[in-house]
Amino acid sequence: MAKIYFKKLFLSSKKLNTEIQIAFGLISIAILVFLGYLFPGVSSLFGPKMWLHIAIVLALFIIVIGFLIIMQIVEPIIRITNEAKLIADGNLEREIEMAREDEIGELGMALNQMTRRIKDNVDELQKYSKQTESINSEINRRVVILASLVEVSNLIAQNAELQLILKTATDKCLEFGNMTLGCLILKDRGSGEFKIQLLIGNKSEELTQRGVKENPIKLGKGLVGKAILKQNSVVLDQNVQATEEIEEFRQLFGISNAVLAPIASKGNVFGLLITGNELPDFICASTEREFFGLLAKQIAIAINNDILIHEIEKLEVTDHLTGLFNNAFTRKRLTEEIKRASNAQQPCSFVLFMVDQFDEFHKCFGHIAAESILLKVASILKESISPSDKAARFGDHEFAVIMPGKNKRESIKVAEDIRKRIEQSFFKEEDERRRLTCAGAITENPIDGVTADELILKSGVLLAEAMQQGGNRIAH
């Protein structure tokens, strides 16, 4: 109650302009009283001097009251100013205590509200700053991941050696998730077995000494065998409950946590990429799982490209119709065989065949029938030569055979056998135009020439002579 009376006494609940008007009025009254004391004409209005002294004391009292009212206005403003400076310096925990209901009180309340809002905004900015820092860290992480994937992609685009691509891709496993082991399990193209082809990291030497690389992976058995067979991605971390297969895997590779990513493309399973570490309480992030999965896909692309390249190379040296070697490869291979025979002081023979009356047959029976004749002759050649001999389609209806280590006499025997088999294959045809035969010519290094071109040229001359003589014979 006393506090309310005190507030009313000092006009703290009034408006600021009211307080100023009252203070100004009191001071004006005090000045008028003081002027009456100074001027006798005025002072005579007050009567005796005693009343005048009382008036002066009253004027002084009024002035003091007016001064206190003015101080009541100025002092809070000074206090608000000092508090505002502290807040401006960054001390947002400050709060102005102002128990007034006038404009100064409203100003203090407004400053307090503004300070709280600023503090809330700063707290929110700090929260966003932490989130931004986390986002920037994730962005930087993804940039590094992208750079790694681009590096592997560039190697693939440049047709780099497969082993270099595999080594680079496996090395990238150790750059993320604090991984300490990288393992590449691939299918052997010869045996079809899945074996560990590459091990990197601080456990690689230990695992190699233990003979882990020597044991083939059994499909459908164990964690690795099932992952390859089912083409499933597997993640082992602290969130995965241990099973007998998982413990077996951990003991085999000496790691506690791992990511197993299948290496497959268009239904073709090439193997498995394994990376892991021994960190306690490890959790594999989704970004890392995504990266290892993409890395496995890149490895699959590289392997698939390598297979296609070998198939293309094979196509480049073979005839698309018969599957025999083509002219270009035969010339190159004959040169190599002649050099090898010369160094070993052994013979090397070259046989050139041509189907008799083939052009006439083609005109009479058409393209499809002519191709069937070429396929038949190619089949007879393949069946008649040894594994060391190389048969080729040398021209439209010309065939050739390289016979390393055979002299002319041995080659004549093989050539005659081929000629007879071709003649017998078409002898039973009712239409005589379908009874095809062939002519052949044999040359030997170094008797008929010391280079591939010389042997081929001499064979061509001999073959032309055999054709002029009616064909169906072997010239030598």
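The values are calculated or read from the model by the stated rules, or taken from the named source; none is laboratory data. These figures come from a predicted structure and were not determined experimentally. Here Cβ is always computed from backbone atoms with ideal geometry, including for glycine, and neighbour counts include all displayed protein chains. Note: accessible area is taken over every heavy atom of the protein model, side chains too, but ligands, DNA and RNA are not part of it. Shrake-Rupley method; radii C 1.70, N 1.55, O 1.52, S 1.80 Å.
If I take R0 = 35 Å and measure r between the Cβ atoms of H320 and V150 in this structure, what FRET efficiency does the formula 1/(1 + (r/R0)^6) give, to the nearest 0.05? My answer for the efficiency is 0.40. Over the stretch 294-401, accessible surface divided per residue gives 50 Å², non-protein components excluded, 1.4 Å probe. Surface listing: M354, M403, M109 arranged by accessible area from highest to lowest gives M109, M354, M403, probe 1.4 Å. For the stretch 125-268, the extents of the C-alpha atoms along the principal axes are 61, 43, 32 Å, listed from largest to smallest. Carbon and sulfur atoms: what percent of the 1.4 Å accessible area of the stretch 211-284 do they account for? The value for the stretch 211-284 is 47 percent carbon and sulfur by accessible area. With a cut-off of 8 Å between alpha carbons and a minimum separation of six or more residues, what is the relative contact order of the stretch 329-428 in percent? After rounding, I find 37 percent. Rounded to a whole number of µm²/s, how large is the Stokes-Einstein D of the stretch 132-202 at 25 °C and 0.890 mPa s, given Rh as the Kirkwood radius over C-alpha pairs? In µm²/s, the coefficient rounds to 176. Output the pairs from K332/K390; K195/K230; K167/K187; K195/K314; K172/K230; K213/K297 with a Cα-Cα distance over 20 Å in this structure; if there are none, say none. Result: K195/K314; K172/K230; K213/K297 exceed 20 Å.
Scattering from the stretch 309-376 was approximated by placing one identical point on each alpha carbon and applying the Debye formula without solvent; log10 I(q)/I(0) at 0.15 1/Å stands at -0.70.
Name the residue farthest towards the positive end of the dipole of the stretch 169-229 from the options C173, L219, G201, assuming +1 on Cβ of Lys and Arg, -1 on Cβ of Asp and Glu, about the Cα centre. Of the listed residues, the answer is L219. Taking 0.36 nm per residue of separation and subtracting the Cα-Cα distance, full extension of the segment from S379 to K230 would add 49.5 nm.
Between amide H atoms placed 1.01 Å from N, distances below 5 Å from A475 occur with G440, A441, I442, all of them 5 or more places distant or on a separate chain.
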